[in-house]
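Working notes, structure below.
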Amino acid sequence: MDIIVAKFGGSSLASAAQFRKVKNIIEADTNRRYIVPSAPGKRFSGDEKVTDLLYKCNALAMAGEDISPVFDIIESRFLEIAKELEITSDIARQLEIVKYSIQNGQSADYAASRGEYLNGILLAAYLGYEFVDAAEVISFDARGAYDAARTYEQLGSRLENIERAVVPGFYGSRIDGSIKTFSRGGSDITGAIVARAVNARLYENWTDVSGFLMADPRIVENPKPIEVITYRELRELSYMGAGVLHEEAIFPVKQAQIPINIRNTNRPQDRGTTIVADAPPHMFDTITGIAGHKGFTAITIDKAMMNSELGFGRRVLKVLEDHGISFEHLPTGIDTMTVVVADSSIDGKLDDVVTDLYRVCKPDSIEITTGLSLIATVGRGMVRQPGTASRLFAALKNSHVNVRMIDQGSSEMNIIVAIETADFNKAIVAIYEAFVQ
(Lines give C-alpha, C1' and ligand atoms only; values in the text may rest on other atoms or scores of the structure.)
Protein backbone atom coordinates (compact mmCIF):
# COMPACT_ATOMS: atom_id res chain seq x y z
CA MET A 1 0.00 0.00 0.00
CA ASP A 2 1.15 3.54 -0.74
CA ILE A 3 1.49 4.72 2.87
CA ILE A 4 3.33 7.81 4.10
CA VAL A 5 4.19 8.21 7.78
CA ALA A 6 4.66 11.87 8.74
CA LYS A 7 6.35 13.00 11.92
CA PHE A 8 5.99 16.64 13.01
CA GLY A 9 8.47 18.22 15.40
CA GLY A 10 7.84 20.55 18.33
CA SER A 11 8.21 23.77 16.35
CA SER A 12 5.69 22.42 13.82
CA LEU A 13 3.06 21.99 16.55
CA ALA A 14 3.90 24.84 18.91
CA SER A 15 0.70 26.85 18.40
CA ALA A 16 -2.73 26.85 16.80
CA ALA A 17 -1.31 28.55 13.72
CA GLN A 18 1.22 25.75 13.33
CA PHE A 19 -1.53 23.13 13.80
CA ARG A 20 -3.33 24.67 10.82
CA LYS A 21 -0.19 24.39 8.68
CA VAL A 22 0.20 20.75 9.68
CA LYS A 23 -3.41 19.95 8.81
CA ASN A 24 -3.01 21.54 5.37
CA ILE A 25 0.12 19.49 4.74
CA ILE A 26 -1.54 16.23 5.80
CA GLU A 27 -4.67 16.84 3.76
CA ALA A 28 -2.60 17.73 0.67
CA ASP A 29 -1.71 14.04 0.27
CA THR A 30 -4.22 11.36 1.24
CA ASN A 31 -1.37 8.84 1.60
CA ARG A 32 -0.26 10.61 4.81
CA ARG A 33 -2.16 8.17 6.96
CA TYR A 34 -0.13 7.81 10.14
CA ILE A 35 1.03 10.92 11.99
CA VAL A 36 3.58 11.12 14.80
CA PRO A 37 3.59 14.40 16.81
CA SER A 38 6.14 15.85 19.20
CA ALA A 39 5.25 17.99 22.22
CA PRO A 40 4.72 21.72 21.58
CA GLY A 41 8.04 23.49 21.12
CA LYS A 42 9.03 27.13 21.34
CA ARG A 43 6.72 29.66 19.72
CA PHE A 44 9.22 32.50 19.86
CA SER A 45 12.66 33.35 21.22
CA GLY A 46 12.63 33.08 25.00
CA ASP A 47 9.65 30.73 25.04
CA GLU A 48 9.94 27.34 26.76
CA LYS A 49 9.34 23.89 25.33
CA VAL A 50 6.50 22.00 26.99
CA THR A 51 8.79 19.01 27.63
CA ASP A 52 11.20 21.23 29.59
CA LEU A 53 8.29 22.54 31.66
CA LEU A 54 7.17 18.99 32.39
CA TYR A 55 10.66 18.07 33.60
CA LYS A 56 10.48 21.10 35.92
CA CYS A 57 7.15 19.86 37.27
CA ASN A 58 8.67 16.47 38.00
CA ALA A 59 11.60 18.07 39.83
CA LEU A 60 9.24 20.17 41.94
CA ALA A 61 7.10 17.14 42.78
CA MET A 62 10.16 15.10 43.79
CA ALA A 63 11.17 17.95 46.11
CA GLY A 64 7.69 17.92 47.70
CA GLU A 65 6.73 21.30 46.23
CA ASP A 66 3.56 22.41 44.48
CA ILE A 67 3.81 22.06 40.69
CA SER A 68 0.85 24.40 39.99
CA PRO A 69 2.82 27.55 39.04
CA VAL A 70 4.66 25.66 36.27
CA PHE A 71 1.85 23.31 35.28
CA ASP A 72 -0.52 26.23 34.82
CA ILE A 73 1.71 27.40 31.94
CA ILE A 74 1.51 23.95 30.34
CA GLU A 75 -2.25 23.82 30.81
CA SER A 76 -2.74 27.23 29.21
CA ARG A 77 -0.70 26.19 26.15
CA PHE A 78 -2.91 23.19 25.41
CA LEU A 79 -6.20 24.88 26.28
CA GLU A 80 -5.31 27.86 24.10
CA ILE A 81 -4.67 25.59 21.10
CA ALA A 82 -7.92 23.68 21.72
CA LYS A 83 -9.96 26.87 22.07
CA GLU A 84 -8.54 28.63 19.01
CA LEU A 85 -9.03 25.58 16.80
CA GLU A 86 -12.42 24.74 18.32
CA ILE A 87 -11.25 21.22 19.13
CA THR A 88 -13.82 19.15 20.98
CA SER A 89 -12.01 16.69 23.24
CA ASP A 90 -11.54 15.81 26.89
CA ILE A 91 -8.20 17.66 27.01
CA ALA A 92 -9.12 19.53 30.20
CA ARG A 93 -9.84 16.24 31.98
CA GLN A 94 -6.61 14.74 30.64
CA LEU A 95 -4.66 17.72 31.95
CA GLU A 96 -6.15 17.18 35.42
CA ILE A 97 -5.06 13.53 35.36
CA VAL A 98 -1.53 14.42 34.26
CA LYS A 99 -1.17 17.12 36.92
CA TYR A 100 -2.41 14.82 39.68
CA SER A 101 -0.15 11.98 38.56
CA ILE A 102 3.00 14.10 38.42
CA GLN A 103 2.26 15.77 41.77
CA ASN A 104 1.78 12.37 43.37
CA GLY A 105 5.02 10.73 42.38
CA GLN A 106 4.80 9.50 38.79
CA SER A 107 8.21 9.02 37.18
CA ALA A 108 10.25 11.57 35.23
CA ASP A 109 9.64 9.50 32.08
CA TYR A 110 5.90 9.71 32.62
CA ALA A 111 6.08 13.49 33.12
CA ALA A 112 8.28 14.07 30.08
CA SER A 113 6.06 11.95 27.81
CA ARG A 114 2.86 13.83 28.53
CA GLY A 115 3.64 16.63 26.09
CA GLU A 116 3.49 14.19 23.18
CA TYR A 117 0.54 12.36 24.70
CA LEU A 118 -1.60 15.50 25.11
CA ASN A 119 -0.54 16.95 21.75
CA GLY A 120 -1.44 13.63 20.13
CA ILE A 121 -4.95 13.79 21.59
CA LEU A 122 -5.42 17.34 20.29
CA LEU A 123 -4.04 16.58 16.83
CA ALA A 124 -6.11 13.41 16.42
CA ALA A 125 -9.29 15.31 17.32
CA TYR A 126 -8.38 18.17 14.99
CA LEU A 127 -7.68 15.86 12.05
CA GLY A 128 -10.49 13.41 12.73
CA TYR A 129 -7.95 10.58 13.05
CA GLU A 130 -7.95 7.78 15.61
CA PHE A 131 -5.64 8.30 18.59
CA VAL A 132 -3.37 5.35 19.40
CA ASP A 133 -1.50 5.70 22.69
CA ALA A 134 2.18 4.86 22.12
CA ALA A 135 2.22 3.14 25.51
CA GLU A 136 -0.01 0.44 24.00
CA VAL A 137 2.16 -0.28 20.95
CA ILE A 138 5.80 0.77 21.66
CA SER A 139 7.46 -1.73 24.00
CA PHE A 140 10.49 -1.75 26.27
CA ASP A 141 11.67 -4.75 28.26
CA ALA A 142 12.00 -4.88 32.05
CA ARG A 143 15.52 -3.40 31.83
CA GLY A 144 14.27 -0.44 29.81
CA ALA A 145 15.73 -1.58 26.46
CA TYR A 146 13.62 -1.05 23.35
CA ASP A 147 11.90 -4.31 22.32
CA ALA A 148 11.74 -4.16 18.51
CA ALA A 149 10.15 -7.56 17.89
CA ARG A 150 7.28 -7.02 20.32
CA THR A 151 6.76 -3.44 19.11
CA TYR A 152 6.47 -4.36 15.44
CA GLU A 153 4.03 -7.16 16.26
CA GLN A 154 1.84 -4.84 18.37
CA LEU A 155 1.99 -1.89 15.98
CA GLY A 156 1.36 -3.97 12.89
CA SER A 157 -1.70 -5.69 14.28
CA ARG A 158 -3.09 -2.49 15.85
CA LEU A 159 -2.73 -0.29 12.75
CA GLU A 160 -3.70 -2.98 10.25
CA ASN A 161 -7.37 -2.13 10.52
CA ILE A 162 -7.05 1.59 11.25
CA GLU A 163 -7.17 3.75 8.14
CA ARG A 164 -5.71 6.90 9.74
CA ALA A 165 -4.14 7.34 13.16
CA VAL A 166 -2.06 9.63 15.34
CA VAL A 167 0.64 7.88 17.40
CA PRO A 168 2.48 10.24 19.78
CA GLY A 169 6.25 10.11 19.66
CA PHE A 170 9.04 9.82 22.23
CA TYR A 171 7.66 7.14 24.57
CA GLY A 172 6.32 3.64 25.05
CA SER A 173 5.90 1.33 28.03
CA ARG A 174 7.68 -1.43 29.89
CA ILE A 175 6.16 -4.86 30.44
CA ASP A 176 4.71 -3.68 33.78
CA GLY A 177 2.93 -0.80 32.03
CA SER A 178 5.17 1.99 33.32
CA ILE A 179 6.08 4.73 30.85
CA LYS A 180 9.55 4.68 29.28
CA THR A 181 10.90 7.39 26.97
CA PHE A 182 13.53 7.37 24.27
CA SER A 183 16.35 9.91 24.53
CA ARG A 184 15.53 13.56 23.78
CA GLY A 185 14.45 13.95 20.18
CA GLY A 186 13.01 10.45 20.32
CA SER A 187 9.88 11.30 18.35
CA ASP A 188 12.08 10.84 15.27
CA ILE A 189 12.61 7.26 16.42
CA THR A 190 8.90 6.64 16.92
CA GLY A 191 8.19 7.91 13.42
CA ALA A 192 10.74 5.53 11.93
CA ILE A 193 9.36 2.62 13.94
CA VAL A 194 5.80 3.31 12.76
CA ALA A 195 7.02 3.62 9.16
CA ARG A 196 8.68 0.23 9.32
CA ALA A 197 5.75 -1.41 11.12
CA VAL A 198 3.28 -0.40 8.38
CA ASN A 199 5.79 -0.93 5.53
CA ALA A 200 5.47 2.70 4.47
CA ARG A 201 6.61 3.93 1.06
CA LEU A 202 8.08 7.05 2.68
CA TYR A 203 8.87 8.46 6.11
CA GLU A 204 8.47 12.24 6.19
CA ASN A 205 10.13 14.17 8.99
CA TRP A 206 8.68 17.68 9.17
CA THR A 207 10.69 20.24 11.08
CA ASP A 208 11.71 23.92 10.83
CA VAL A 209 14.47 23.48 8.23
CA SER A 210 14.30 22.46 4.58
CA GLY A 211 16.55 19.44 4.94
CA PHE A 212 20.33 19.31 5.07
CA LEU A 213 22.65 21.96 3.66
CA MET A 214 25.99 21.25 2.01
CA ALA A 215 27.79 23.30 4.68
CA ASP A 216 27.15 25.19 7.89
CA PRO A 217 25.26 28.41 6.95
CA ARG A 218 27.04 30.19 9.82
CA ILE A 219 30.28 29.67 7.89
CA VAL A 220 29.26 29.52 4.21
CA GLU A 221 26.81 32.10 2.92
CA ASN A 222 23.64 30.53 1.48
CA PRO A 223 24.98 26.98 1.04
CA LYS A 224 23.12 24.77 -1.42
CA PRO A 225 20.62 22.26 -0.04
CA ILE A 226 21.33 18.55 -0.33
CA GLU A 227 18.52 17.03 -2.37
CA VAL A 228 19.52 13.35 -2.14
CA ILE A 229 21.88 11.69 0.33
CA THR A 230 22.57 8.05 1.20
CA TYR A 231 22.41 6.65 4.71
CA ARG A 232 26.19 6.12 4.65
CA GLU A 233 26.87 9.73 3.65
CA LEU A 234 24.49 10.93 6.33
CA ARG A 235 26.33 8.86 8.91
CA GLU A 236 29.65 10.42 7.88
CA LEU A 237 28.31 13.97 8.03
CA SER A 238 26.41 13.40 11.29
CA TYR A 239 29.58 12.08 12.91
CA MET A 240 31.32 15.31 11.96
CA GLY A 241 28.63 17.46 13.51
CA ALA A 242 25.99 17.99 10.81
CA GLY A 243 22.61 16.89 12.09
CA VAL A 244 18.90 17.50 11.64
CA LEU A 245 17.53 14.02 12.34
CA HIS A 246 17.88 11.95 15.52
CA GLU A 247 20.63 9.46 14.64
CA GLU A 248 18.82 6.41 16.04
CA ALA A 249 15.85 7.18 13.78
CA ILE A 250 17.85 6.11 10.75
CA PHE A 251 18.16 2.44 11.63
CA PRO A 252 14.54 1.14 11.60
CA VAL A 253 13.82 2.60 8.16
CA LYS A 254 17.27 1.83 6.78
CA GLN A 255 16.75 -1.85 7.52
CA ALA A 256 13.44 -1.76 5.65
CA GLN A 257 14.86 0.32 2.74
CA ILE A 258 12.33 3.10 3.40
CA PRO A 259 13.51 6.57 2.29
CA ILE A 260 13.31 9.53 4.67
CA ASN A 261 12.30 12.98 3.47
CA ILE A 262 13.28 15.93 5.69
CA ARG A 263 10.76 18.75 5.07
CA ASN A 264 10.01 22.24 6.36
CA THR A 265 6.55 22.78 7.86
CA ASN A 266 6.83 26.51 7.22
CA ARG A 267 7.95 26.00 3.60
CA PRO A 268 6.08 22.90 2.41
CA GLN A 269 6.85 23.79 -1.21
CA ASP A 270 10.54 23.01 -0.62
CA ARG A 271 11.52 19.50 -1.65
CA GLY A 272 13.83 19.06 1.34
CA THR A 273 16.40 16.29 1.58
CA THR A 274 15.65 12.67 0.74
CA ILE A 275 17.75 10.01 2.47
CA VAL A 276 18.00 6.78 0.50
CA ALA A 277 19.75 3.43 0.83
CA ASP A 278 21.32 3.75 -2.61
CA ALA A 279 20.76 5.50 -5.90
CA PRO A 280 22.14 5.60 -9.45
CA PRO A 281 25.50 7.41 -9.80
CA HIS A 282 24.03 10.17 -11.97
CA MET A 283 21.98 11.41 -9.00
CA PHE A 284 25.07 12.50 -7.09
CA ASP A 285 27.44 15.42 -7.46
CA THR A 286 31.14 14.95 -6.74
CA ILE A 287 30.63 15.91 -3.10
CA THR A 288 27.51 15.78 -0.98
CA GLY A 289 28.50 17.91 1.99
CA ILE A 290 31.22 19.36 4.19
CA ALA A 291 31.23 19.21 7.98
CA GLY A 292 33.74 19.54 10.75
CA HIS A 293 34.53 19.49 14.45
CA LYS A 294 36.92 21.52 16.55
CA GLY A 295 38.95 20.37 19.55
CA PHE A 296 41.35 17.55 18.77
CA THR A 297 44.85 16.49 19.81
CA ALA A 298 47.24 14.35 17.77
CA ILE A 299 49.69 12.03 19.53
CA THR A 300 52.43 11.04 17.06
CA ILE A 301 54.61 8.10 18.09
CA ASP A 302 57.92 7.57 16.27
CA LYS A 303 59.91 4.35 16.49
CA ALA A 304 62.37 2.83 14.05
CA MET A 305 61.18 -0.49 12.55
CA MET A 306 57.76 -0.04 14.09
CA ASN A 307 56.14 -1.89 11.21
CA SER A 308 57.99 -5.11 12.05
CA GLU A 309 57.26 -5.01 15.78
CA LEU A 310 54.42 -7.43 16.40
CA GLY A 311 51.56 -6.00 18.49
CA PHE A 312 52.83 -2.40 18.59
CA GLY A 313 49.54 -0.84 17.53
CA ARG A 314 47.60 -2.97 19.98
CA ARG A 315 49.82 -1.81 22.85
CA VAL A 316 49.31 1.84 21.91
CA LEU A 317 45.55 1.47 21.85
CA LYS A 318 45.61 -0.54 25.10
CA VAL A 319 47.22 2.45 26.85
CA LEU A 320 44.38 4.67 25.63
CA GLU A 321 41.80 2.07 26.65
CA ASP A 322 43.29 1.84 30.16
CA HIS A 323 42.75 5.59 30.51
CA GLY A 324 39.19 5.45 29.16
CA ILE A 325 40.05 7.25 25.91
CA SER A 326 38.68 6.34 22.48
CA PHE A 327 40.47 7.41 19.32
CA GLU A 328 38.94 9.23 16.37
CA HIS A 329 41.49 8.52 13.63
CA LEU A 330 44.65 6.46 13.28
CA PRO A 331 46.89 7.46 10.32
CA THR A 332 50.14 5.48 10.19
CA GLY A 333 53.50 5.31 8.40
CA ILE A 334 56.32 2.75 8.42
CA ASP A 335 57.97 4.21 11.50
CA THR A 336 55.21 6.49 12.81
CA MET A 337 51.72 6.13 14.20
CA THR A 338 49.41 9.05 14.97
CA VAL A 339 46.42 8.75 17.26
CA VAL A 340 43.89 11.57 17.02
CA VAL A 341 41.70 12.00 20.11
CA ALA A 342 39.07 14.51 21.17
CA ASP A 343 40.30 17.09 23.65
CA SER A 344 37.30 16.37 25.86
CA SER A 345 38.34 12.73 26.26
CA ILE A 346 42.00 13.38 27.08
CA ASP A 347 41.60 16.49 29.21
CA GLY A 348 43.68 16.09 32.38
CA LYS A 349 45.06 12.72 31.23
CA LEU A 350 47.62 13.66 28.57
CA ASP A 351 50.75 13.58 30.76
CA ASP A 352 49.83 10.17 32.20
CA VAL A 353 49.08 8.80 28.73
CA VAL A 354 52.45 9.94 27.38
CA THR A 355 54.25 8.45 30.40
CA ASP A 356 52.51 5.10 29.88
CA LEU A 357 53.21 5.12 26.14
CA TYR A 358 56.95 5.53 26.82
CA ARG A 359 56.81 2.76 29.43
CA VAL A 360 54.77 0.26 27.43
CA CYS A 361 55.79 0.97 23.81
CA LYS A 362 59.34 2.37 24.27
CA PRO A 363 59.16 4.76 21.31
CA ASP A 364 62.05 6.89 20.07
CA SER A 365 59.95 10.03 20.50
CA ILE A 366 56.39 11.27 21.01
CA GLU A 367 55.10 14.54 19.58
CA ILE A 368 51.92 16.22 20.78
CA THR A 369 49.97 18.55 18.47
CA THR A 370 47.06 20.46 20.00
CA GLY A 371 44.59 22.98 18.65
CA LEU A 372 43.46 20.83 15.73
CA SER A 373 40.14 20.64 13.91
CA LEU A 374 38.88 17.92 11.59
CA ILE A 375 36.99 18.64 8.37
CA ALA A 376 35.29 15.90 6.37
CA THR A 377 34.45 16.29 2.70
CA VAL A 378 31.85 13.61 1.99
CA GLY A 379 30.45 12.38 -1.29
CA ARG A 380 29.38 9.14 -2.90
CA GLY A 381 30.38 10.60 -6.27
CA MET A 382 34.01 11.14 -5.23
CA VAL A 383 35.07 7.58 -6.04
CA ARG A 384 34.16 8.04 -9.74
CA GLN A 385 35.61 11.52 -10.19
CA PRO A 386 39.36 11.76 -10.96
CA GLY A 387 41.20 14.65 -9.37
CA THR A 388 38.91 15.11 -6.37
CA ALA A 389 41.77 15.12 -3.87
CA SER A 390 43.86 17.50 -5.96
CA ARG A 391 40.98 20.00 -6.14
CA LEU A 392 40.53 19.82 -2.40
CA PHE A 393 44.17 20.32 -1.51
CA ALA A 394 44.66 23.01 -4.15
CA ALA A 395 41.77 24.92 -2.60
CA LEU A 396 43.35 24.69 0.85
CA LYS A 397 46.78 25.66 -0.49
CA ASN A 398 45.39 28.70 -2.30
CA SER A 399 43.72 29.79 0.93
CA HIS A 400 47.00 29.35 2.84
CA VAL A 401 45.61 26.56 5.01
CA ASN A 402 48.23 24.10 6.24
CA VAL A 403 47.06 20.47 6.30
CA ARG A 404 48.44 18.62 9.33
CA MET A 405 46.92 15.21 8.60
CA ILE A 406 45.04 13.40 5.82
CA ASP A 407 42.76 10.41 6.32
CA GLN A 408 40.70 8.89 3.49
CA GLY A 409 38.27 6.07 4.23
CA SER A 410 38.65 2.81 2.34
CA SER A 411 35.22 3.36 0.78
CA GLU A 412 36.57 6.57 -0.80
CA MET A 413 33.39 8.28 0.37
CA ASN A 414 35.18 10.91 2.43
CA ILE A 415 38.45 12.76 2.83
CA ILE A 416 39.22 14.02 6.33
CA VAL A 417 41.89 16.65 6.93
CA ALA A 418 43.26 17.94 10.21
CA ILE A 419 44.05 21.65 10.25
CA GLU A 420 44.79 24.31 12.83
CA THR A 421 41.57 25.47 14.45
CA ALA A 422 42.34 29.09 13.54
CA ASP A 423 41.85 28.09 9.87
CA PHE A 424 38.60 26.17 10.41
CA ASN A 425 36.10 28.57 8.80
CA LYS A 426 38.51 29.57 6.03
CA ALA A 427 39.10 25.92 5.10
CA ILE A 428 35.41 25.05 4.88
CA VAL A 429 34.71 28.06 2.67
CA ALA A 430 37.65 27.16 0.42
CA ILE A 431 36.49 23.56 -0.05
CA TYR A 432 32.90 24.64 -0.68
CA GLU A 433 33.91 27.17 -3.31
CA ALA A 434 36.19 24.65 -5.05
CA PHE A 435 33.44 22.05 -5.49
CA VAL A 436 30.17 23.95 -5.49
CA GLN A 437 30.70 27.46 -6.78
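Among the listed pairs Lys21/Lys254; Lys49/Lys83; Lys23/Lys56; Lys23/Lys254; Lys254/Lys426, which are separated by more than 26 Å between their Cα atoms?
Lys21/Lys254; Lys23/Lys56; Lys23/Lys254; Lys254/Lys426
What number, rounded to the nearest 500 deg cm²/dmol, is the helix-based mean residue ellipticity at 222 nm of the chain, given -39500 (n - 2.57) per DSSP H run of at least four residues and division by all its residues?
-11500 deg cm²/dmol
Rank by packing, highest mean first: peptides 126-139, 20-33, with packing defined as the count of other Cβ atoms within 10 Å averaged across residues.
Descending packing order for the listed peptides: 126-139, 20-33.
For region 8-17, what does the Karplus curve 6.51 cos²θ - 1.76 cosθ + 1.60, with θ = phi - 60°, yield as ³J(HN,Hα) per residue in whole Hz, taken in order and with x for Gly and Pro?
10, x, x, 5, 6, 10, 7, 8, 5, 4
Relative contact order, percent, of the chain when contacts are C-alpha pairs under 8 Å separated by at least 6 residues?
Reported as a whole number, the value is 13 percent.
Taking loop as defined by DSSP and a crowding limit of 15 other beta carbons within 10 Å, which trypsin sites (Lys or Arg not before Pro) in region 154-246 fit?
Within region 154-246, the qualifying trypsin sites (Lys or Arg not before Pro) (loop, at most 15 other Cβ atoms within 10 Å) are Arg184, Arg201, Arg218.
Taking the Cα centre as origin and putting +1 on Lys and Arg beta-carbons and -1 on Asp and Glu beta-carbons, what dipole magnitude results for the chain, to the nearest 20 debye?
700 debye
Starting from the amide H of Glu130, placed 1.01 Å from N in the peptide plane, find each other amide H under 5 Å away whose residue is 5 or more places distant or on another chain.
Arg164, Ala165, Val166
Skip the ligands, DNA and RNA, and give the accessible area per residue of the chain with a 1.4 Å probe, whole Å².
45 Å²
Which whole-Hz couplings ³J(HN,Hα) result when phi for each residue of region 125-134 is put into the Karplus expression 6.51 cos²θ - 1.76 cosθ + 1.60, θ = phi - 60°, listed in order with x for Gly and Pro?
Each residue's phi maps through the Karplus curve to give 5, 5, 7, x, 9, 7, 8, 10, 5, 4 Hz.
Would you mind calculating the relative contact order of region 325-437 from Cα pairs under 8 angstrom and at least 6 residues apart, reporting the percent as a whole number?
In percent, rounded to a whole number, it is 24.
Could you sort 361-368, 114-121 so that the peptide with the highest average Cβ count within 10 Å comes first and the rest follow in order?
The most tightly packed comes first, giving 114-121, 361-368.
Between region 359-429 and region 31-52, what is the C-alpha centre distance in whole Å?
The two parts, judged by their Cα centres, are 39 Å apart.
Taking Cα centroids, how far is region 101-123 from region 139-170 in Å?
For region 101-123 versus region 139-170, the Cα centre distance is 18 Å.
Setting aside same-chain residues fewer than 8 positions from Lys362, which lysines have a Cα under 18 Å from its Cα?
Straight-distance partners of Lys362: Lys303, Lys318.
For region 342-388, take the alpha-carbon Rg, divide it by the Kirkwood Rh, and send me Rg/Rh.
My calculation of the ratio gives 1.23.
What are the ³J(HN,Hα) couplings of region 140-151, residue after residue, when phi is run through the Karplus curve with 6.51, -1.76, 1.60 and θ = phi - 60°? Round to Hz, x for glycine and proline.
Coupling constants for region 140-151: 10, 7, 4, 8, x, 8, 4, 9, 5, 4, 5, 4 Hz.
Relative contact order of region 1-126, please, whole-number percent, based on alpha carbon pairs below 8 angstrom and at least 6 residues apart.
Averaging sequence separation for qualifying contacts and normalising by length gives 29 percent for region 1-126.
The values are calculated or read from the model by the stated rules, or taken from the named source; none is laboratory data. Everything quoted here is computed from the prediction, not taken from an experiment. As a convention, Cβ positions derive from the backbone with ideal geometry for all residues, glycine included, and neighbour counts pool all protein chains shown. SASA here: full protein model, heavy atoms, side chains in, ligands and nucleic acids out. Shrake-Rupley method; radii C 1.70, N 1.55, O 1.52, S 1.80 Å.
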